[in-house]
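The values are calculated or read from the model by the stated rules, or taken from the named source; none is laboratory data. Everything numeric in this text was worked out from a predicted model, so none of it was measured. So basically every Cβ, Gly included, is an ideal-geometry build from the backbone, and we count neighbours across all protein chains shown.
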Amino acid sequence: MPDVSKFAYCFVYNMNYVCQKMMTLGKSITIILFIIAFSCNGLAQTVGLKSNFLYALTTTPNIGMETRIFKKSSIGFNAGFNPFRLPAPSGVTQSTNPKLFHWIIVPEYKYWFCRPYERWYAGVYADYGKYNLGGGKFLGIKDLERYRYEGSLVGGGVSVGYQWAFARRWGVEASLGVGYMLLDYRKYYAGACGALVKQAKRHYIGPSKASVSIIYYIYSSFASTQIM
């Protein structure tokens with residue numbers, strides 16, 4: 001097959017992959033938003049929208065929503081989606097096809113030691129997502145320069161965090177989490193349509209969540225009194 005046709009085929013295949021993941025993520029977020037909106041109708045007193053600044057530094061747009069459900073409890077989710085190709089590292093040809101394609105959804109339950117959206121909390125969370133990444137040195141992982149990984153992840157963990165408000169409807173949250181992930185993947189040589197190296201699974205235990213998030217309280221019964 002001529003090179004031009006090969007690259008055209010790969011481009012169409014990858015765009016189809018991105019579109020499929022956008023549709024899947026959109027359906028999942030719609031379901032979660034419906035559940036949260038339903039809970040707001042009867043139980044919630046506060047709803048917040050947020051975005052993880054640390055995650056955004058990886059060029060990944062992300063959004064989260066959280067709602068209070070009981071006196072000291074809240075539930076929410078975070079979702080991220082990265083459809084972007086990245087420029088090749090210095091001294092490396094673009095044929096390595098660097099990318100960080102992925103999407104992930106992270107639902108979380110939090111128990112607040114003071115009251116929801118104020119000070120310390122402990123939580124439990126789950127992870128589910130799919131990825132297609134490689135062709136560059138990401139997060140200091142050298143193996144990603146030579147190979148591309150495509151697959152899915154599922155897992156969960158425990159978290160601890162702290163939240164405070166700096167204006168009537170604005171706040172900041174910092175959190176860390178440790179947990180387990182099952183990574184089911186296919187390993188390819190980096191580059192457009194690189195050859196398959198192997199198919200495998202990996203069990204990971206360790207840090208799996210880190211965030212510094214900006215929050216906007218779209219509805220709050222105590223937004224005027226929480227500033228600290």
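For the range 159-211, the tally of residues that are among the hydrophobic types (A, V, I, L, M, F, W, C), over 23 Å from the mean Cα position of the chain (by Cα), surrounded by 13 or more Cβ atoms within 10 Å (Cβ to Cβ) and under 23 Å from Tyr111 (Cα atoms) stands at 1. Among residues of the range 58-78 being part of a strand (DSSP E or B) and among the hydroxyl-bearing types (Ser, Thr, Tyr), the one that is farthest from Arg115 (Cα to Cα) is Thr67. For first residues located in the range 53-78 and modelled with pLDDT under 90 and of a type in the set (D, E, K, R), partners that are surrounded by fewer than 20 Cβ atoms within 10 Å (Cβ to Cβ) and assigned to a strand (DSSP E or B) and lie 6+ apart or on another chain with Cβ distances below 7 Å form the pairs Lys72/Tyr111; Lys72/Arg115. Considering only residues in the range 143-158 that are within 18 Å of the chain's Cα centre (by Cα) and not hydroxyl-bearing (Ser, Thr, Tyr), the one that is modelled with the lowest pLDDT turns out to be Glu150.
Remark: Tyr125 matches the filter, which requires a residue to be within 20 Å of the chain's Cα centre (by Cα) and buried (at least 19 other Cβ atoms within 10 Å of the Cβ). Scanning the range 124-183 for residues that are touching a residue at least 40 places away in the same chain (Cβ under 8 Å), among the charged types (D, E, K, R) and within 28 Å of Lys198 (Cα to Cα) yields a total of 6.
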